[in-house]
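Remarks on the structure that follows.
Every read-out reported here was derived from the displayed coordinates using simple, explicitly stated rules and does not represent laboratory data. Just so it is clear, the structure is predicted and the values come from calculations on it, not from any experiment. Here the Cβ positions follow ideal geometry from the backbone for every residue, glycine too, while neighbour counts run over all protein chains shown.
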């Protein structure tokens, strides 16, 4: 596969800025394949996977739910408060996610592919894409959405936002900027324009 024979859109933004809304629209209205880093990251830590075993070895059985699956909330409390632990975890998961993306891109014959990668910059995956789309909104909107969606306290929400590269930095590196602080119709117009 030649690198530029496909248009590879790296879709990113901050936590709770609206990436899911954008990717859903790209699938439903433009029928584009969207490969999702979060799905691959969940696969990486599924029951009995080598990565889950490594996580249990590091933190003990306390990191699991009663059914043996990963307790994401408990893991989140650890990694969003300790940069070293966050880096350790990413070093386990990111190689798996990278490999899944490469395999999917190679197997797809679609001319435009969307890679939904919340941590596109943080995980240094920009080399996988031919263009970068950043979804952003105001910090106030982001905080409100995150608190409502994940049932977090303000401090927990701020810790998660601060664990990522700032939205301002991401916007500077974007080829297409999607402003999700207004209506859905306005967001969809920007997506349509970005694809032309």
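Some values worked out for this structure:
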{"quantity": "Filter result for residue 125 (buried (at least 21 other Cβ atoms within 10 Å of the Cβ) and in contact (Cβ under 8 Å) with a residue 60 or more places away in the chain)", "calculated": "no"}
{"quantity": "Residue match in segment 112-119 (condition: surrounded by 15 or more Cβ atoms within 10 Å (Cβ to Cβ), in contact with a strand residue (DSSP E or B) (Cβ under 6 Å, 6 or more places away or on another chain) and part of a helix (DSSP H, G or I))", "calculated": "no"}
{"quantity": "For residue 52: the one exception among (1) under 17 Å from the mean Cα position of the chain (by Cα); (2) part of a helix (DSSP H, G or I); (3) within 21 Å of residue 100 (Cβ to Cβ)", "calculated": "(1)"}
{"quantity": "Filtered residues of segment 161-181 (kept if crowded, with 18+ Cβ neighbours inside 10 Å and either without any contact (Cβ under 8 Å) to a residue 40 or more places away in the chain or in a helix (DSSP H, G or I) (or both))", "calculated": "161, 167, 170"}
{"quantity": "Qualifying residue in segment 8-19 (condition: loosely packed, with under 15 Cβ neighbours inside 10 Å and at negative phi)", "calculated": "no"}
{"quantity": "Selected residue [without any contact (Cβ under 8 Å) to a residue 12 or more places away in the chain, under 26 Å from residue 31 (Cβ atoms) and out of contact with any strand residue (DSSP E or B) (no Cβ under 7 Å at 6 or more places or on another chain)] from 73, 107, 87", "calculated": "107"}
{"quantity": "Residues of segment 123-156 satisfying the condition of being more than 30 Å from residue 88 (Cβ to Cβ) and either touching a helix residue (DSSP H, G or I) at 6+ places or on another chain (Cβ under 7 Å) or in a loop (DSSP other than H, G, I, E, B) (or both)", "calculated": "130, 137, 138"}
{"quantity": "Subset of segment 55-75 that is in a loop (DSSP other than H, G, I, E, B) and within 23 Å of the chain's Cα centre (by Cα) - its residue that is nearest to residue 87 (Cα to Cα)", "calculated": "71"}
